[in-house]
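*Asks:* Pasting a structure here, questions to come.
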């Protein structure tokens with residue numbers, strides 16, 4: 001049995017480890033080394049890949065070959081690859097295989113997330129964190145504004161490479177979410193004849209929905225410069241405008257990852273415009289996070305908290321719990337809502353007039 005002093009020392013060392021782990025969490029992100037295309041190289045190989053073959057396939061300087069094992073060690077620990085040890089010709093051979101997580105980093109995966117780490121780890125989004133403490137002492141709306149002197153949306157319009165990575169990442173997420181949503185929640189679209197995808201970008205989400213529900217007339221509604229050169233189809237139309245001014249009329253309006261970008265006052269304005277646009281028996285379909293809904297899943301909760309902090313640093317928005325969502329919805333004059341937590345980090349919130 002440990003003495004009081006031994007127990008105190010054990011707790012102290014555990015606390016020290018906890019602090020070190022928290023300090024170094026950024027290393028997990030940068031260790032993905034997306035530009036090396038490790039998942040694509042291993043996928044092309046077609047079977048568990050020996051470390052020697054992996055090293056030989058990488059576009060690296062010969063002086064760096066000895067470091068790949070150490071990189072693979074942390075990526076294996078993080079769940080991005082699985083490791084298999086064996087013996088061949090009396091020599092130990094280490095082989096690596098893809099996991100579900102690393103498959104999402106394949107460039108040709110239909111739900112590829114490859115662009116997201118490149119965008120989120122870009123200095124444009126990382127540098128505002130160096131202003132985090134300073135921001136608490138000034139009147140700037142966000143640390144991003146303290147760093148760059150403008151909003152994320154304004155800067156993205158001036159940085160084509162970053163803008164492309166960000167939009168490509170959002171498109172991949174939209175494909176994944178819409179696919180799962182249609183598989184699990186087809187009833188959300190039952191009886192609808194028209195849908196407005198507000199802030200729908202290039203129409204990734206609308207295209208998936210329109211394919212599954214050909215009777216549904218979809219309008220992708222975004223800023224004029226976003227949709228200016230996009231060509232519609234038989235049941236998809238692109239319309240430019242400002243959601244704070246007016247939204248086209250329809251049975252239903254979809255807001256995917258829109259409201260978490262804005263503060264409460266701005267969200268009520270957007271929801272007011274939605275209420276004006278839908279029919280009396282229509283609804284607003286919100287796809288966003290509902291925090292505290294799955295408290296038993298520590299990894300999911302932590303990821304939602306990361307998103308909330310990113311909203312604080314980058315935009316004026318936030319991630320909300322059910323009570324906060326209810327307050328927004330009723331403040332905008334809606335009568336009821338239903339939350340369906342079936343999209344991992346996100347939920348479907350059906351809002352009724």
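The values are calculated or read from the model by the stated rules, or taken from the named source; none is laboratory data. Note that the coordinates shown come from a computational prediction; the quantities given were computed from them, not determined experimentally. Counting neighbours? That spans all protein chains shown, and the Cβs are built from the backbone with ideal geometry, glycine included.
*Asks:* Kindly provide the set of residues from the stretch 180-205 that are at negative phi, without any contact (Cβ under 8 Å) to a residue 40 or more places away in the chain and under 19 Å from the mean Cα position of the chain (by Cα), ordered by number.
*Replies:* Passing the criteria: 182, 202, 204.
*Asks:* A further question follows. Across the stretch 218-236, which residue is modelled with the highest pLDDT among those that are part of a loop (DSSP other than H, G, I, E, B) and more than 21 Å from residue 270 (Cβ to Cβ)?
*Replies:* Filtering the stretch 218-236 down to residues part of a loop (DSSP other than H, G, I, E, B) leaves 223, 228-235.
Next, from what is left, pick out any that are more than 21 Å from residue 270 (Cβ to Cβ): 228-235.
Numbers: 228: 82, 229: 82, 230: 84, 231: 84, 232: 83, 233: 84, 234: 83, 235: 87.
Here the residue is 235.
*Asks:* Among 144, 166, 162, which is within 24 Å of residue 200 (Cβ to Cβ), at pLDDT 95 or above, assigned by TED's automatic domain parsing to the domain that holds residue 210 and surrounded by 18 or more Cβ atoms within 10 Å (Cβ to Cβ)? First the steps, then the outcome.
*Replies:* Details: 166 fails: at pLDDT 95 or above; 162 fails: at pLDDT 95 or above.
After applying the criteria, what remains is 144.
*Asks:* Checking the condition out of contact with any strand residue (DSSP E or B) (no Cβ under 8 Å at 6 or more places or on another chain), within 30 Å of residue 26 (Cβ to Cβ), in the same structural domain as residue 121 (by TED's automatic domain parsing) and outside any helix (DSSP H, G or I), which residue from 324, 302, 296 passes?
*Replies:* On the way: 324 fails: outside any helix (DSSP H, G or I); 302 fails: outside any helix (DSSP H, G or I).
Among 324, 302, 296, only 296 is out of contact with any strand residue (DSSP E or B) (no Cβ under 8 Å at 6 or more places or on another chain), within 30 Å of residue 26 (Cβ to Cβ), in the same structural domain as residue 121 (by TED's automatic domain parsing) and outside any helix (DSSP H, G or I).
Quick grid of which residues meet (1) without any contact (Cβ under 8 Å) to a residue 60 or more places away in the chain; (2) farther than 21 Å from residue 226 by Cα:
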residue	(1), (2)
242	yes, no
246	yes, no
256	no, no
275	no, yes
288	no, yes
296	yes, yes
299	yes, yes
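*Asks:* Given the conditions (1) within 30 Å of residue 159 (Cβ to Cβ); (2) in a helix (DSSP H, G or I), which single one is not true for residue 56?
*Replies:* (1)
*Asks:* Follow-up. Surrounded by 15 or more Cβ atoms within 10 Å (Cβ to Cβ), under 20 Å from residue 166 (Cα atoms), in the same structural domain as residue 270 (by TED's automatic domain parsing) and in contact with a strand residue (DSSP E or B) (Cβ under 9 Å, 6 or more places away or on another chain): is that true of residue 203 in this structure?
*Replies:* Answer is yes for this residue.
*Asks:* Just checking, does the stretch 127-139 include any residue being exposed (fewer than 15 other Cβ atoms within 10 Å of the Cβ), touching a strand residue (DSSP E or B) at 6+ places or on another chain (Cβ under 8 Å) and under 19 Å from residue 27 (Cβ atoms)?
*Replies:* The answer is no; no qualifying residue exists.
*Asks:* Hey, another quick one. Going by the structure shown, is residue 268 in a helix (DSSP H, G or I) and either within 18 Å of residue 177 (Cβ to Cβ) or at pLDDT 95 or above (or both)? Step through it out loud before you land on a result.
*Replies:* Values: in a helix (DSSP H, G or I): yes; either within 18 Å of residue 177 (Cβ to Cβ) or at pLDDT 95 or above (or both): yes.
Yes.
*Asks:* Could you grab me the full set of residues in the stretch 83-108 that are free of Cβ contacts under 8 Å to residues at least 60 places away in the same chain and in contact with a helix residue (DSSP H, G or I) (Cβ under 7 Å, 6 or more places away or on another chain)?
*Replies:* Scanning the stretch 83-108 gives 83, 94, 96, 98.
*Asks:* Okay, next question. Tell me whether the stretch 21-31 contains one or more residues that are under 25 Å from residue 84 (Cα atoms) and not in a helix (DSSP H, G or I).
*Replies:* Filtering the stretch 21-31 down to residues under 25 Å from residue 84 (Cα atoms) leaves 27-31.
If we keep only those that are not in a helix (DSSP H, G or I) too, we end up with 31.
Yes, because at least one residue in the stretch 21-31 is under 25 Å from residue 84 (Cα atoms) and not in a helix (DSSP H, G or I).
*Asks:* Continuing with this model, one more query. For the stretch 54-69, state whether one or more residues are within 19 Å of residue 27 (Cβ to Cβ), surrounded by 18 or more Cβ atoms within 10 Å (Cβ to Cβ) and touching a residue at least 40 places away in the same chain (Cβ under 8 Å).
*Replies:* Taking every residue of the stretch 54-69 in turn, none turns out to be within 19 Å of residue 27 (Cβ to Cβ), surrounded by 18 or more Cβ atoms within 10 Å (Cβ to Cβ) and touching a residue at least 40 places away in the same chain (Cβ under 8 Å).
*Asks:* Of all residues being in contact with a helix residue (DSSP H, G or I) (Cβ under 7 Å, 6 or more places away or on another chain) and in contact (Cβ under 8 Å) with a residue 24 or more places away in the chain in the stretch 136-150, which is farthest from residue 314 (Cα to Cα)? Just the residue, please.
*Replies:* Start the filter on the stretch 136-150 by keeping residues that are in contact with a helix residue (DSSP H, G or I) (Cβ under 7 Å, 6 or more places away or on another chain), which leaves 138, 140, 142-144, 146-148.
Filter once more, so that each one left must be in contact (Cβ under 8 Å) with a residue 24 or more places away in the chain: 142-144, 148.
Numbers: 142: 6, 143: 7, 144: 5, 148: 10 Å.
That would be 148.
*Asks:* Mind checking which residues of the stretch 323-335 are in contact with a helix residue (DSSP H, G or I) (Cβ under 8 Å, 6 or more places away or on another chain), farther than 12 Å from residue 267 by Cα and exposed (fewer than 15 other Cβ atoms within 10 Å of the Cβ)?
*Replies:* The answer is 333, and nothing else.
*Asks:* Out of 126, 177, I need the residue that is under 24 Å from residue 288 (Cα atoms) and without any contact (Cβ under 8 Å) to a residue 24 or more places away in the chain. Which one?
*Replies:* 126
*Asks:* While we're looking at this one, here's another question. Looking at 342, 290, which one is surrounded by fewer than 15 Cβ atoms within 10 Å (Cβ to Cβ), in the same structural domain as residue 256 (by TED's automatic domain parsing), closer than 30 Å to residue 22 by Cα and in contact with a helix residue (DSSP H, G or I) (Cβ under 6 Å, 6 or more places away or on another chain)?
*Replies:* After ruling out the rest, the residue left standing is 342.
*Asks:* Now a separate question. Could you list, in sequence order, all residues of the stretch 35-53 that are farther than 17 Å from residue 65 by Cα and in contact (Cβ under 8 Å) with a residue 60 or more places away in the chain?
*Replies:* Quick first cut of the stretch 35-53, residues farther than 17 Å from residue 65 by Cα only: 39-40, 43-48.
Residues satisfying the conditions are 39, 40, 43.
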